[in-house]
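> Got a structure here, written out as structure tokens. Questions coming.
The values are calculated or read from the model by the stated rules, or taken from the named source; none is laboratory data. Because the structure is predicted, anything quoted here is derived from the model rather than measured. Don't worry about glycine lacking a Cβ; one is built from the backbone with ideal geometry, like all the others, and counts go over all protein chains shown. These area figures cover heavy atoms from the full protein model, side chains too; ligands, DNA and RNA do not enter into them. Shrake-Rupley method; radii C 1.70, N 1.55, O 1.52, S 1.80 Å.
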Amino acid sequence: MRRFKLETIEGRSVSVSETTPQSNHGIGILGGSFDPVHIGHLWMAESALEQLPIEHVRWIPAATSPLKPHGPVASNEHRLQMLRLALSGQSGHVIDDWELRQDSVSYTLLTLEHLQEQFPDRPLYLIIGADSLASFDRWREPEQILKRCHLAVIARGGDPPPDYSILDGMTDETQIQRIRESQIQMPQIEISSSDLRRRVASGRSIRFQVPHPVRTLIAQEKLYRAE
């Protein structure tokens, strides 16, 4: 049995395994603003860890998403602190702040190129929601992304099945079938970071929607409060 420990990557590369990792085990990549990180994110990552042939899930907070040009609400450091609190002591998870340290718009393709340099012999699984798949043609160089990773799309119970037809013409049918086989099943969880920010701004509770230490930090730092 493999044992893992949580590490935060800050300008350095470390192993998350207490034993030598097997090179054929992949790495799950979960990017996002995490503004704030919530239970839905955690359940998504844990489902990926259970269902994909990966050694760990690598959480990569974005500096500025090209599809969200106004950027996150909380600062980079606050978002990192919330991730550390949410994942503290949990096995199979790594926080990687590489995109934050670039201090520029976060493009998935550049992150994949960076990770391929770090882990040249490890398959990369890019974990995305069905809503992100629907806008995949708007990503920067989607064909090149598909050459560098396996897409692993979240299929939430109660939602329509992911529509993989958007990938037609971007890659061959063999890879599209592999992407279908990497689909991650999980229950439908009606939580979003934007709704959590609105709840905080209006003084409503976010208890049980984010980990307790994250909720405490949001309150202490007065994050997401209305001006």
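> Per residue, how much accessible area does the chain show when a 1.4 Å probe rolls over the protein heavy atoms, in square angstrom?
51 Å²
> To the nearest 20 debye, what is the magnitude of the charge dipole of the chain about its Cα centre, counting +1 on the Cβ of each Lys and Arg and -1 on the Cβ of each Asp and Glu?
Approximately 880 debye in magnitude.
> Given H placed on each backbone N at 1.01 Å, which residues far from A155 in sequence or on other chains put an amide H within less than 5 Å of it?
Result for A155 returns I184, Q185, M186.
> Report the extension gain between D121 and I166 in nm, rounded to one decimal, defined as 0.36 nm multiplied by the number of residues separating them, less their alpha carbon distance.
13.4 nm
> Taking 8 Å as the Cα distance limit and 6 or more residues as the minimum spacing, I'd like the relative contact order of the chain as a percentage.
24 percent
> Go ahead and estimate [θ] at 222 nm for the chain from helices alone: -39,500 (n - 2.57) per DSSP H run with n ≥ 4, summed, over the residue count, rounded to 500.
Roughly -10000 deg cm²/dmol at 222 nm, from the helical runs in the chain.
> Out of the total accessible area of the chain (probe 1.4 Å, heavy atoms of protein only), what percent is carbon and sulfur?
46 percent
> Next question. Share of antiparallel DSSP beta bridges in the chain, in percent to the nearest 5?
5 percent
> Shifting gears a bit: Put W43, W59, W98 in order of accessible area, largest first, 1.4 Å probe: what do you get?
W43, W98, W59
> Let me ask something else about it. Mind listing the phi-derived Karplus ³J(HN,Hα) values for region 87-92, rounded to whole Hz, using 6.51, -1.76 and 1.60 with θ = phi - 60°, and x for any glycine or proline?
Rounded to whole hertz, the list is 9, 4, x, 8, 7, x.
> Rounded to a whole number of µm²/s, how large is the Stokes-Einstein D of the chain at 25 °C and 0.890 mPa s, given Rh as the Kirkwood radius over C-alpha pairs?
This corresponds to a translational diffusion coefficient of 135 µm²/s.
> Using alpha carbons only, how many degrees (0 to 90, rounded to 10) separate the axis of helix 108-118 from the longest principal axis of the chain?
70 degrees
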